[in-house]
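Enquirer: Below is a structure I'd like to ask you about.
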């Protein structure tokens, strides 16, 4: 048995034996990303829905900035959050640097433009299709945004899933602000980078396998949700046709 095969065998053993270190890292990763997505989505959904229906001077420039932030490297986000939370920064009094809260904040800042931009696109497309009808019924911008968010709820769930996948798979921001401290701020991506540099390939491979499985499950969930939505929409159309013919 060569080193390559031995590494995979050892990684498999870590997975099936319930290794405490491995699964504590996985659990911490999920918790950080879930908290970050909850924070980012609570703001991003509302901001995106508002941008989808609002029309004001400078909107095009704002959307350009928002779309630019989609390509913002995670290490840059980590650097900005680090400067904000450092002792000399404006938020240094919080004492969050190299902590769980700092990682949540960094991931939330990273995910917020994704949620906002995707939500804006979903709501704006829906506004083009149904905006005139809602306006004719007297619905103002806020009410249109709320109604369109409910109507496009399945698409917005897809946005949330994509945002979680972006958060759980990033490495730069959490490494900069979290410090990759064993047992406290070490998550899957930072642990993979560290263990690979140390030569501990079994743990890195096991964590990589879990991360890939998570990404696969998230993409499968998105595909199933889209299929479910298409079937539901198709059923609604057929029911409307039957009612019209009756």
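The values are calculated or read from the model by the stated rules, or taken from the named source; none is laboratory data. It should be emphasised that the depicted structure is a prediction, and the values quoted were computed from it without experimental measurement. So basically every Cβ, Gly included, is an ideal-geometry build from the backbone, and we count neighbours across all protein chains shown.
Enquirer: Give 155, 191, 209 a once-over and let me know the one that is under 16 Å from the mean Cα position of the chain (by Cα) and part of a helix (DSSP H, G or I).
Expert: Matching residue, one of 155, 191, 209: 155.
Enquirer: Answer yes if at least one residue in segment 216-228 is under 30 Å from residue 84 (Cβ atoms), at pLDDT 90 or above and surrounded by 15 or more Cβ atoms within 10 Å (Cβ to Cβ), and no otherwise.
Expert: Checked segment 216-228: no residue is under 30 Å from residue 84 (Cβ atoms), at pLDDT 90 or above and surrounded by 15 or more Cβ atoms within 10 Å (Cβ to Cβ).
Enquirer: Return the residue satisfying two criteria in turn: it lies in segment 194-206 and is in a helix (DSSP H, G or I) and without any contact (Cβ under 8 Å) to a residue 12 or more places away in the chain, and of such residues it is farthest from the chain's Cα centre (by Cα).
Expert: 198
Enquirer: Determine the pairs where a residue that is without any contact (Cβ under 8 Å) to a residue 40 or more places away in the chain and on the phi < 0 side of the Ramachandran plot, located within segment 48-72, has a partner that is part of a helix (DSSP H, G or I) and surrounded by 10 or more Cβ atoms within 10 Å (Cβ to Cβ) with Cβ atoms under 8 Å apart, the partner being 6 or more residues away or on another chain.
Expert: Between residues of segment 48-72 that are without any contact (Cβ under 8 Å) to a residue 40 or more places away in the chain and on the phi < 0 side of the Ramachandran plot and residues that are part of a helix (DSSP H, G or I) and surrounded by 10 or more Cβ atoms within 10 Å (Cβ to Cβ), the close pairs are 59/51; 62/51.
Enquirer: When you go through (1) assigned to a helix (DSSP H, G or I); (2) over 30 Å from residue 122 (Cβ atoms); (3) modelled with pLDDT under 90 one by one for residue 183, which number turns out not to apply?
Expert: Among (1) assigned to a helix (DSSP H, G or I); (2) over 30 Å from residue 122 (Cβ atoms); (3) modelled with pLDDT under 90, residue 183 violates only (1).
Enquirer: Hey, can you tell me all the residues within segment 161-177 that are surrounded by 20 or more Cβ atoms within 10 Å (Cβ to Cβ) and within 22 Å of residue 214 (Cα to Cα)?
Expert: Within segment 161-177, the first condition is being surrounded by 20 or more Cβ atoms within 10 Å (Cβ to Cβ), and the residues that meet it are 163-168, 170, 173-177.
Selection gives 163, 164, 165, 166, 167, 168, 170, 173, 174, 175.
Enquirer: Count, please, the residues in segment 151-180 that happen to be under 30 Å from residue 123 (Cβ atoms) and free of Cβ contacts under 8 Å to residues at least 40 places away in the same chain.
Expert: So the answer is 3.
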